[in-house]
Amino acid sequence: MTGQPEQSPPWVLHSDFTGKDGRSAGAPFLLPPGATPFDDLTATVPLLYTGDKDYGRYKYENADFTFSLHADFSPVKEPYQSHVLARIEVHENSWKCEPSVRESLAAHFVELLTSIESKFERTGVLVEGASMRIGRAVIDTLPLRMDEILPYYYALSTGRRPGTKVYADLLPGMRLRLETSVSQYLGPSQPLNGYVAAASTSALIGSVPAAGGRRTLTFDPFLGAIAPPVIQRTSTQARLVGGIIDLHPAGAARSHWRIFYPTSMQTPVQPGNTGLDYNVGIVGADTLEQMNVATKRYPMSSSVAGPTPTLYYVVLGRAVAVPEIHVRVNHARSGLAMFEYVSLGTTVADVIQRFTMIPLDPQSEVVSVSRRLSDGRTAEIVFKITTPAVPAAMWDLPLVSDDSVTIQLPK
């Protein structure tokens, strides 16, 4: 017995995929492990149910997903939690490539998780954290266009489409890097007065148990373990962050956190301000529903109604905040293996270009990529080329947490 995780059938990254609606994906398209195009897709997650034998009454459905509870054999036996599975059926739109259909699918995925959390998780039907586990299992099941991967894993919105905002979720296991500036004053009306680069600070994101069995995010394991200090509020629109401790004041523990970027920032020679409009903002909320409302309203910072209002923070010092994920990079020839944090948005191409040029022939086995599934197994990502030439875009596959990239350069 080796102790190594069981290997799953591979993901397949198609260079040019045609959907069930006859539309081209227009970008590399990632098929889930073991799936054949246009298969019926179902995700199951065990050990979430906390109720009695009347599990069949708990259901939810939207245009793209159906959630229900099913026994792994009949008749179901006690303890019910051990024998009742959460099952999510994915409807046929997941195999279509029409852009409007893809947008609806993503929106319905958010609705699915929001409804599971509010209807079943927070009411005690499912264990706390069930919506996150279910979400990851569904992602493992979905065929995704390459630019949809980070939006599903991390709720990333790049802001590249008109009228959209830039934001991403902060999740346990990630690291938040804060690149701040300090204000330099050399004298009245001096041209070099303004902000200059200062130190970089990193916050390791984790989680701790909270009331009712739920978990709340921490920005440092030690700070999450101790009684937080009371930090006096200012009269500004949002709470102010001068350092990591400001994200851990008394009464600020929240389950969901999201980082937002402004559409514009002031120049380094301007004095700056404490508003959300021109600064990086961090938002904390206790439910996905609260976070969804806050995201639609942002940068407005009025709290969502409820006993635990949404929190808004501004990072001082003309800061740049970069979410980071952990990956493994292996150089097979030298035996060098590195576990490191890289910026969210890092691609396989970014790793390859440390060692050699792209494009490479994916069939040459110079590069191999594996990805962890929600059930602990790993799966290789197979590159399938259906075009006469190898498109460089194939290597722009974004990395997600715990991905492993191996480089095998010839001698």
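List the number of the failed condition for THR180; all other conditions in (1) in contact with a strand residue (DSSP E or B) (Cβ under 6 Å, 6 or more places away or on another chain); (2) under 27 Å from THR378 (Cα atoms) hold.
Unmet condition: (2).
List the residue pairs whose Cβ atoms are under 7 Å apart, where the first residue sits in region 204-221 and is more than 14 Å from TRP257 (Cβ to Cβ), the second is in a strand (DSSP E or B) and of a type in the set (D, E, K, R), and the two are 6 or more positions apart or on different chains.
PRO209/ARG215
Can you say whether MET132 is of a type in the set (A, V, I, L, M, F, W, C), out of contact with any Leu (no Cβ under 7 Å at 6 or more places or on another chain), more than 17 Å from GLU103 (Cβ to Cβ) and without any contact (Cβ under 8 Å) to a residue 40 or more places away in the chain, as far as the supplied structure shows?
Considered against the rule, which asks whether it is of a type in the set (A, V, I, L, M, F, W, C), out of contact with any Leu (no Cβ under 7 Å at 6 or more places or on another chain), more than 17 Å from GLU103 (Cβ to Cβ) and without any contact (Cβ under 8 Å) to a residue 40 or more places away in the chain, MET132 comes out as yes.
Kindly indicate the residue of region 74-101 that is more than 27 Å from the chain's Cα centre (by Cα) and either part of a helix (DSSP H, G or I) or among the acidic types (Asp, Glu) (or both) and also farthest from ILE134 (Cα to Cα) among those meeting that condition.
GLU78
Tell me whether region 190-205 contains one or more residues that are of a type in the set (A, V, I, L, M, F, W, C) and touching a Gly at 6+ places or on another chain (Cβ under 6 Å).
no
Hey, PRO191 hits all of (1) closer than 22 Å to VAL280 by Cβ; (2) open to solvent by 40 Å² or more (accessible area, probe 1.4 Å); (3) more than 19 Å from the chain's Cα centre (by Cα) but one; which does it fall short on?
Of (1) closer than 22 Å to VAL280 by Cβ; (2) open to solvent by 40 Å² or more (accessible area, probe 1.4 Å); (3) more than 19 Å from the chain's Cα centre (by Cα), only one is false for PRO191: (1).
I need the full set of residues from region 105-140 which are open to solvent by 10 Å² or more (accessible area, probe 1.4 Å), under 15 Å from LEU47 (Cα atoms) and not in a helix (DSSP H, G or I), in order please.
Of everything in region 105-140, those that are open to solvent by 10 Å² or more (accessible area, probe 1.4 Å), under 15 Å from LEU47 (Cα atoms) and not in a helix (DSSP H, G or I) turn out to be GLY124, VAL125, VAL127, GLU128, GLY129.
Quick check on region 149-175: of everything there that is touching a helix residue (DSSP H, G or I) at 6+ places or on another chain (Cβ under 9 Å), open to solvent by less than 30 Å² (accessible area, probe 1.4 Å) and among the hydrophobic types (A, V, I, L, M, F, W, C), which residue is nearest to VAL110 (Cα to Cα)?
Ranking the qualifying residues of region 149-175, first place goes to ALA155.
Can you tell me which residue within region 292-306, out of those that are surrounded by 14 or more Cβ atoms within 10 Å (Cβ to Cβ) and small (Gly, Ala, Ser), is farthest from TYR195 (Cα to Cα)?
Among residues in region 292-306 that are surrounded by 14 or more Cβ atoms within 10 Å (Cβ to Cβ) and small (Gly, Ala, Ser), the one farthest from TYR195 (Cα to Cα) is SER303.
The values are calculated or read from the model by the stated rules, or taken from the named source; none is laboratory data. Small disclaimer: the values here were computed from a predicted structure and weren't measured. Cβ sites come from the backbone with ideal geometry, for glycine too, and all protein chains shown count toward neighbours. These accessible areas exclude ligands, DNA and RNA; they are computed on the full protein's heavy atoms, side chains included. Shrake-Rupley method; radii C 1.70, N 1.55, O 1.52, S 1.80 Å.
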